[in-house]
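These notes concern the structure reproduced below.
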Amino acid sequence: MRRVLGVAVLGAGAIARAHVVALKRHVEAFPDAPAASRLVVLAGRDAARTEAAARRLGAPRWTADWRGILDDPEVGALINAGPNDLHAGPSIAALAAGRAVLCEKPLARTAGEAERMAACAEQSAAASMAGFNYRFVPAVLLARRLLCDGALGRVYHFRGRYSDDSLLDPATPHTWRHDRGRAGSGVVADLASHVVDLAHFLVGPITAVTAAVRTYTPARPAPGGEAPVTVEDAVAATLEFQCGALGTLEAGGMCPGRKNFLAFEVNGRDGTLAFNLERMNELQVYCGGGRARGLADVLVTEPDHPFGGRWWPPGHVLGWEHTFVHQWDEFVRRVTGTAHEPVGATFADGLAASRVCDALLVAADTGRRVVVAGPGSDAGKAEPGAAGER
């Protein structure tokens, strides 16, 4: 008899829906999974919105107070897909209560919050993961496989970019994402954190940054008038990696025509890899040699590619929602102690990304190069002298 894992989901928005879809489709793609999953309860802060989401998603119960789910004997795991200001408290409480936790990115609003979450995860016997779902795109995993195999040789450059047009319309209503107190930051937390995590996943630790940010729309419509936007709409940065590589990072929500343009390029001595999420089933590869000097498009759907054969025949492409199914399978295997060669982000990985995000904000605020904090070091301290003086 397959074990059934009871799951509570915190959140009532689109990301919560993506996770619920993953719960429902998991065993379809992974019939060998050590446990099936069952949605037990949906939690949120707005009672009416949470009830409506519970009915839509098929949750048998719902609550406007997340604390109650920790005493529910049917709940073995928490998916924390709530706003950023609800990441730390519920995740820490759930781990302390022995519940496994999958917490959405960014792990926390600040590295200080993430530090407490990572420490709790390390002390807890329960499994935990940070929700950086783009690690589970087959093309991204193929890129990592090639890099780990040394196909590119020594890595020289990483270029990462996340662009969309979600902030372009000044009439877009003010939400928690526009409030630094609730969100921690703007596109740095929402978009750049994905780029940072993929940079760590593919190239290794980022050790220093410089950055500039801009807020192009200072206020947005809110009930009764307007509310100030206290976070950034765009960030541009340089990155230094522990391995010696240099990198750039851009993220912005003011890019007309870009819908979900998460892209990276890695250049090494012997080749180049390039990826664009808007063409998520393709990886561009050049590994040197031969007459062809340009990049070739590889459709990552073959049986020997990551997750090949789990879904459809070769050439039949996957979608965004499949990344959540892949991520959930690894989480279930971590919960049951059967994970083999895990690639999902840990809370320690989430902390590492938060430290870089904090460093980006400090660098932008001071106009200086900032060394990224490591374990036991001072967080995000700007170096003396302007960045251009180095």
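Bear in mind these aren't lab numbers, they're just calculated from the coordinates by the rules spelled out. The structure displayed is predicted, hence computed values, not measured ones. Here the Cβ is made from the backbone with ideal geometry for all residues, glycine too, and neighbour counts use every protein chain on show.
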Relative exposure of V27, V372, judged by other C-beta atoms within 10 Å (fewest first): V27, V372
Net charge contributed by nearby residues that have their C-beta within less than 14 Å of A151 (K/R +1, D/E -1): +2
Choice from L351, L86, L168 with maximal GNM fluctuation in the chain (Cα, 10 Å cutoff): L168
Ranked by how many other beta carbons lie within 10 Å on average, peptides 149-156, 202-209 from highest: 202-209, 149-156
The chain: most fluctuating residue of E341, E330, E115 per GNM, C-alpha cutoff 10 Å: E341
Cα convex hull of the chain, projected area averaged across orientations, nm²: 20.4
Neighbour-count ranking [beta-carbon atoms within 10 angstrom, fewest first] of W312, W62: W312, W62
³J(HN,Hα), Karplus 6.51/-1.76/1.60, whole Hz, each residue of segment 227-237, x for Gly, Pro: 10, x, 8, 10, 10, 8, 9, 8, 9, 10, 8
Dimensions (Å) - segment 3-134, Cα atoms, principal axes, largest first: 38, 36, 31
Taking T210, T50, T338, T272 and counting other C-beta atoms within 10 Å, the order from fewest to most: T338, T272, T50, T210
Cα Rg, Dmax, segment 281-325, angstrom units: 12.9, 40
Summed residue charge, Cβ within 11 Å of L277's Cβ, Lys/Arg positive, Asp/Glu negative: +1
